[in-house]
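See below for the structure under consideration.
The values are calculated or read from the model by the stated rules, or taken from the named source; none is laboratory data. In this text the structure is predicted, and so the values were computed from the model without any measurement. Neighbour counts are summed over all protein chains in view; Cβ atoms, including those assigned to glycine, are modelled from backbone coordinates with ideal geometry. Side chains included, ligands, DNA and RNA excluded: accessible areas come from the protein's heavy atoms. Shrake-Rupley method; radii C 1.70, N 1.55, O 1.52, S 1.80 Å.
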Amino acid sequence: EAKKALAWAKTAKPEDAATIEAMSKELGESIKAIKGNWGTLKVIVEALGELRSKEAAKTLKKLAFKKEAKDQQEEEVQALAIVNLGKLADPKEISAFEEISKHESKNIAKAAYTALGFYGTSKGRIRKQVVEVMMKRLDMEYPSSGGQGGKSVSAEKQERWTEVSPAMVTSMKALCRENTINDIENWREWWKDNKKNPKAEAWKDDDDKE
């Protein structure tokens with residue numbers, strides 16, 4: 001049943017709004033009955049992400065922003081919920097994603113950065129807000145040696161950076177509409193050039209472009 005729900009969710013249309021809300025509520029309530037069935041739970045989480053409804057968001061938030069996961073399977077579900085909640089690109093959740101990106105688990109942090117990338121379809125002012133968050137986190141995840149009194153990056157921080165940086169770079173590309181930058185220092189330079197320029201191409205809304 002969960003797989004059928006996922007298949008339908010992927011093809012749902014705006015005019016199916018009533019069915020989408022009803023299905024979202026039903027899926028949310030079914031989670032209690034399948035406790036421990038991690039495979040089915042993951043399918044439900046994906047279906048809720050595809051439905052992108054208010055009811056879906058309620059359930060996804062409970063799974064995404066919960067307390068510490070008890071084991072790896074629970075953490076995997078939490079990470080999946082974070083990513084799928086990101087698909088809703090709700091501006092009200094930006095600060096929550098920023099907060100959970102600080103999680104000591106690399107998988108949870110990576111999920112948060114992936115989720116923020118879904119705001120790449122948002123209006124320019126929202127995308128800029130998210131990029132500000134990403135740049136703050138970037139400086140915390142991998143501080144510039146020049147800006148840290150010449151201190152080198154620890155092995156532990158380097159290992160974390162290796163894990164989370166691909167998600168951060170991918171999301172930055174989506175948010176900034178800039179597909180050619182992969183180097184971290186180049187992103188810092190790009191941000192210096194564009195953050196105070198309201199007319200920058202990166203912050204234009206799609207309907208403002210010719």
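Computed values, structure above
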| item | result |
| --- | --- |
| Residues of segment 44-57 satisfying the condition of being part of a helix (DSSP H, G or I) and either crowded, with 18+ Cβ neighbours inside 10 Å or among the polar types (S, T, N, Q) (or both) | I44, V45, E46, A47, L48, G49, E50, L51, E55, A56, A57 |
| Residue match in segment 6-22 (condition: open to solvent by 40 Å² or more (accessible area, probe 1.4 Å), within 19 Å of K62 (Cβ to Cβ) and among the charged types (D, E, K, R)) | yes |
| One residue from A109, A81, A64 being on the phi < 0 side of the Ramachandran plot, of a type in the set (A, V, I, L, M) and in contact with a His (Cβ under 6 Å, 6 or more places away or on another chain) | A109 |
| Selected residue (criterion: nearest to the chain's Cα centre (by Cα)) from residues of segment 171-187 that are surrounded by 15 or more Cβ atoms within 10 Å (Cβ to Cβ) and of a type in the set (D, E, K, R) | K173 |
| Filter result (of a type in the set (D, E) and farther than 14 Å from I108 by Cβ) within segment 43-85 | E46, E50, E55 |
| Whichever residue in segment 30-43 is assigned to a helix (DSSP H, G or I), open to solvent by 50 Å² or more (accessible area, probe 1.4 Å) and more than 21 Å from G86 (Cα to Cα) and, among such residues, is modelled with the lowest pLDDT | K32 |
